[in-house]
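Heads up, the thing below is written out as structure tokens.
The values are calculated or read from the model by the stated rules, or taken from the named source; none is laboratory data. Note that the structure is a prediction, hence the values are computed from the model and not measured. Neighbour counts are summed over all protein chains in view; Cβ atoms, including those assigned to glycine, are modelled from backbone coordinates with ideal geometry. Note: accessible area is taken over every heavy atom of the protein model, side chains too, but ligands, DNA and RNA are not part of it. Shrake-Rupley method; radii C 1.70, N 1.55, O 1.52, S 1.80 Å.
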Amino acid sequence: MEVKFTGIEEKLAQLERWRAKIRAGGGPKRVAKQHESGKKTARERLDLLLDPGSFVEVDLFAGDEDIEHLTNPGEGVVTGYGTIDGRKVYVFAQDFTVSGGSLSRVHAAKICKVMDLAMKVGAPVIGLNDSGGARIQEGVDALDGYGQIFFRNTIASGVIPQVSAILGPCAGGAVYSPALTDFVFMVSGIGQMFITGPQVIKATTGEDITMEALGGAVTHNQVSGVAHFLAHSEEECFYQIRRLLSFLPSNNMEEPPLAPPQDPAGDPQQLLHIIPDDPNKGYDVRDIIRLLVDGGDLFEVHQYYARNAVVGFARLAGRPVGIVANQPNHLAGCLDINASDKISRFVRFCDCFNIPLVTFMDVPGFLPGTAQEFGGIIRHGAKMLYAYSEATVPKITIILRKAYGGAYLAMCASALRADTVLAWPTAEIAVMGPEGAVNIIYRREISEAENPEAMRAKLTQEYRERFANPYVACSRGYVDDVIDPRDTRERIINSLEFLADKQEGRPRKKHGNMPV
Ligand code: HXC
């Protein structure tokens, strides 16, 4: 029999045909269904996320060797690398048009390969999730695949930034890989996360709930805190991811990227008029932050969750910083369970990635009540003490107004090794607020007074004058200086410059045991 050899042209034609076949994913019908449900395909998503033309695919041919008769082209995930603003990132995008983006052994292996490459190179990993979960037909192989990813998420934590976008269903154990990453972005209307779906919930607890109400973007951004960012479209989500990365170094050995310095938005004179004279009145702390940071630009993390605290990224003279602040407009800025979780996770992220922390304090205390006590405010609040104590990045604290009790310490007081502590003349630093303190320490005097109310008012005023100011703390060295609010930006920038080469060691250990 005559042996037939194929020439290079024929081989190239075959390569192109096979490539096109795999790139077509689940085919035109399923792509149309994906579009009808308001979602983009995996490849469209990568094109929108990455710098144009920068995507390089890895493992296009992974999966079944019989390419002519593929049932799962690409195994339901597109993996590779590219750039965002010219900086390297590794990516995977689950392809819902192929077996619902379900995770098979090969699908998991493709994701693991890009995660391993990202670790070797020191570049962020971004996962675009849109999947029906474990590929049911593959059984334990799919479960092991998830385990392989979870392990890598954990080992990569604190080494490279890890970002997840939820752009479709994300059910069962599949939610745990995103939960192990640093930031979760969700698009409302299309992304959902839950451990058990509405049908199982109905069968077990009798509750009736829709997928969106159970695990949609609003639920996880506002109620559970599982998600950090909410977008109304995929385009907005990719813009947010690109923006987030602009503040971050590519890995824990790098410094965050510098940007050209910009003036803040607004006249610093306004800083004198944001905090009301009445100490019981609230205000929006973001109005102060915007008058201090470059371009007035604060990129809030967890914007809709635990709104009694504000955390986010900003720049000062071009240098990225992590901002943490109490929000007096919400729950009077008290710290509660959710705010403690929000702040401590953010502080730890910044510390992992060499981002200095600037903390604005106006905190009346931890939120009282049985709901908080029974919910474990003690161990949640302790996370803040732990996270700030553990952090060795430059730590600058500005006391704007109230700084009471344990919450004063938890917001990075000097005892937790803040490097710079500055107070505005409006600062009140004490064990507790004047009203509460007077009721305890002068109970007898007040009850025995001819006019208890007048006596309480007099003692409260005396207490306020004696303790509710920054000068006692200054006299002990707990606060470095009392400053004119208009000098705040300059003082923080100066501090950041001096602290840029800060070195602070900690004892050698395997790892600490943070309260969780
Ligand atoms: C295999 C799956 C699949 C899965 C979906 N498909 N999920 N194939 N394994 N897990 C397939 C469907 O058969 C269908 O194939 C295609 O994907 C699209 O699915 P539809 O159901 O038509 O889409 P839709 O109506 O949009 O519903 C999407 C869905 C639903 C809500 C995700 O498919 C669903 O409930 N899937 C199962 C979810 C689930 O229970 N997964 C296991 C979770 S447990 P065709 O060929 O018709 O296009 C888990 C354990 C992980 O993940 C543990 C880790 C520790």
Filter result (more than 12 Å from Ser131 (Cβ to Cβ) and within 16 Å of the ligand (Cβ to nearest atom)) within the stretch 143-163 | Leu143, Asp144, Gly147, Gln148, Phe150, Phe151, Arg152, Asn153, Thr154
Where Gly168 falls short, out of the listed (1) within 16 Å of the ligand (Cβ to nearest atom); (2) open to solvent by less than 30 Å² (accessible area, probe 1.4 Å); (3) more than 24 Å from Arg30 (Cβ to Cβ) | (3)
Complete set of residues in the stretch 79-106 that are on the phi > 0 side of the Ramachandran plot, over 26 Å from the mean Cα position of the chain (by Cα) and of a type in the set (D, E, K, R) = none
Extreme residue, most open to solvent (accessible area, probe 1.4 Å), among residues of the stretch 389-425 that are touching an Asp or Glu at 6+ places or on another chain (Cβ under 7 Å) and polar (S, T, N, Q) | Thr392
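Yes/no per residue for (1) surrounded by fewer than 24 Cβ atoms within 10 Å (Cβ to Cβ); (2) part of a helix (DSSP H, G or I); (3) more than 9 Å from the ligand (Cβ to nearest atom); (4) under 17 Å from the mean Cα position of the chain (by Cα):
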| position | (1), (2), (3), (4) |
| --- | --- |
| Gly173 | yes, yes, no, no |
| Ala179 | yes, yes, yes, yes |
| Met186 | no, no, yes, yes |
| Gly189 | yes, no, yes, no |
| Lys202 | yes, yes, yes, no |
Leu214 passes all but one of (1) assigned to a helix (DSSP H, G or I); (2) under 16 Å from the mean Cα position of the chain (by Cα); which number fails?
-> (2)
If you go through the stretch 292-314, how many residues are open to solvent by less than 10 Å² (accessible area, probe 1.4 Å) and either hydrophobic (A, V, I, L, M, F, W, C) or assigned to a loop (DSSP other than H, G, I, E, B) (or both)?
-> 9
May I ask you to list pairs of residues, at least six apart or on different chains, whose Cβ atoms are under 6 Å apart, with the first in the stretch 1-27 being farther than 30 Å from Arg45 by Cβ and the second being open to solvent by 80 Å² or more (accessible area, probe 1.4 Å)?
-> none
Look at Asn513 and say whether it is farther than 30 Å from Glu435 by Cα and either in contact (Cβ under 8 Å) with a residue 40 or more places away in the chain or of a type outside the set (Phe, Trp, Tyr) (or both).
-> yes
Matching entry among Gln270, Gln240, Gln222 (being surrounded by 14 or more Cβ atoms within 10 Å (Cβ to Cβ) and farther than 28 Å from Asn338 by Cβ) | Gln270
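In the stretch 72-84, is there at least one residue being over 25 Å from Val125 (Cα atoms) and among the hydrophobic types (A, V, I, L, M, F, W, C)? Break it down into steps so the answer makes sense when it comes.
Going through the stretch 72-84, the residues over 25 Å from Val125 (Cα atoms) turn out to be none.
No, the stretch 72-84 contains no residue that is over 25 Å from Val125 (Cα atoms) and among the hydrophobic types (A, V, I, L, M, F, W, C).
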Residue hits (the stretch 80-135; away from the ligand (no atom under 16 Å from the Cβ), farther than 18 Å from Leu46 by Cβ and in contact with a Ser or Thr (Cβ under 6 Å, 6 or more places away or on another chain)) are Gly122
Selection from the stretch 426-456 of residues part of a helix (DSSP H, G or I), open to solvent by 70 Å² or more (accessible area, probe 1.4 Å) and not charged (D, E, K, R) yields Ile440, Ile441, Ser447
